Amino acid sequence: MGSKLTYDSWDEDYVHQLQNGFKDFVDVIKWAYKEYEEKMIYACSFGAEGVVLVDIISKINPFAKIVFLDTDLHFRETYELIERIKEKYPTLNIEMVKPALSVNQQSEYYGDRLWEKNPNLCCYLRKIQPLKKVLTNHDAWMTGLRREQSSTRKNINYINKDDKFGKIKICPLIHWSWEDVWSYIRVQQIPYNQLHDQHYPSIGCEPCTAKVLEGTNLRAGRWINKEKTECGLHT
Ligand code: SF4
């Protein structure tokens, strides 16, 4: 295939062959930046997998564009971590992407604490819509998803046809375990969210993230007591 792989030019056989040819996650990331250059972004949540991927990417493409979906509802510790990451990797282009509505405006239009009454709508307004807007000018996006994170993620591949956004989604860390992630963080001494040391393995917006008990599913603290398990970016 001579031309760039895009959502519209998706070819199952070609992608299958391509994926089988990757030696490891580094190979995937190198291929992705060569294939898409400025037309790819890394959407980082700055969780444990997120900071690992930031470090790996910084060694392959020190000027990579990274976006954080800043809902204005994240923990103070998450914003502090982003500042520490910016200091450690000054050449990376880290952009805070905001929703169209402030939290107050959202309350005016849809009622107070929308995350309690209708978390799917809240995630749509504060995460999905902003990412959709950013991706308008891009062909591909990268994420730190891992297969073992949840049953909804067990079938993800290095390269995915993302019907939600009409783009290519690259997931270099699919084969990493939770132990792999933490071993990398410790050995490379990467800044990480301090909440991870306080029983928050998976960290999202403050109103929708709770502590989990030792030995519980890593994402059990997200949207606790609700049927929702994903923000909708990956479903
Ligand atoms: S995680 Fe919660 S607060 Fe954040 S956008 Fe989704 S519903 Fe809203």
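How many residues does region 36-91 contain that are closer than 21 Å to residue 168 by Cβ, of a type outside the set (Phe, Trp, Tyr) and part of a loop (DSSP other than H, G, I, E, B)?
Of the residues in that region, 4 qualify.
Restricting to helices (runs of 4 or more DSSP H) lying wholly in region 100-214: which have 2 or more residues that are more than 16 Å from the ligand (Cβ to nearest atom) and surrounded by fewer than 17 Cβ atoms within 10 Å (Cβ to Cβ)? Talk me through it step by step, then tell me what you get.
On the way: elements: 103-110, 114-117, 119-123, 129-135, 178-188.
Because the criterion is at least 2 residues that are more than 16 Å from the ligand (Cβ to nearest atom) and surrounded by fewer than 17 Cβ atoms within 10 Å (Cβ to Cβ), the helices (runs of 4 or more DSSP H) in region 100-214 that meet it are 178-188.
Considering each residue of region 69-94, count those that are within 16 Å of the ligand (Cβ to nearest atom), more than 17 Å from residue 194 (Cβ to Cβ) and under 16 Å from the mean Cα position of the chain (by Cα), and give that number.
Of the residues in that region, 3 qualify.
Restricting region 34-52 to residues that are farther than 12 Å from residue 192 by Cα and of a type in the set (A, V, I, L, M), which is farthest from the chain's Cα centre (by Cα)?
Of region 34-52, the ones farther than 12 Å from residue 192 by Cα are 34-44.
Checking the rest, the ones that are also of a type in the set (A, V, I, L, M) come to 40-41, 43.
On the way: 40: 13, 41: 10, 43: 5 Å.
Checked region 34-52; the qualifying residue farthest from the chain's Cα centre (by Cα) is 40.
Just to be sure I understand the filter: pairs with C-beta atoms under 6 Å, separated by 6 or more residues or on different chains, first member in region 201-213 and on the phi > 0 side of the Ramachandran plot, second member more than 10 Å from the ligand (Cβ to nearest atom). Which pairs pass?
Cβ pairs passing all conditions: none.
Sort out which residues of region 125-141 are in contact with a strand residue (DSSP E or B) (Cβ under 8 Å, 6 or more places away or on another chain) and of a type in the set (Val, Ile, Thr), and write them in order of number.
Matches in region 125-141: 134 only.
Conditions tested, residue by residue: (1) of a type in the set (S, T, N, Q); (2) without any contact (Cβ under 8 Å) to a residue 60 or more places away in the chain.
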{"position": "67", "(1), (2)": "no, no"}
{"position": "71", "(1), (2)": "yes, no"}
{"position": "100", "(1), (2)": "no, yes"}
{"position": "111", "(1), (2)": "no, yes"}
{"position": "115", "(1), (2)": "no, no"}
{"position": "120", "(1), (2)": "yes, no"}
{"position": "140", "(1), (2)": "no, no"}
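Output the number of the condition that residue 169 fails; it satisfies all remaining conditions of (1) at pLDDT 95 or above; (2) more than 23 Å from residue 66 (Cα to Cα).
Result: residue 169 fails condition (2) only.
Going by the conditions given, is residue 159 hydrophobic (A, V, I, L, M, F, W, C) and closer than 11 Å to residue 49 by Cα?
Considered against the rule, which asks whether it is hydrophobic (A, V, I, L, M, F, W, C) and closer than 11 Å to residue 49 by Cα, residue 159 comes out as no.
The values are calculated or read from the model by the stated rules, or taken from the named source; none is laboratory data. Remember, predicted model here, so these are calculated numbers, not experimental data. Heads up, the Cβs are rebuilt from the backbone with ideal geometry, glycines too, and the neighbour counts pull from every protein chain shown.
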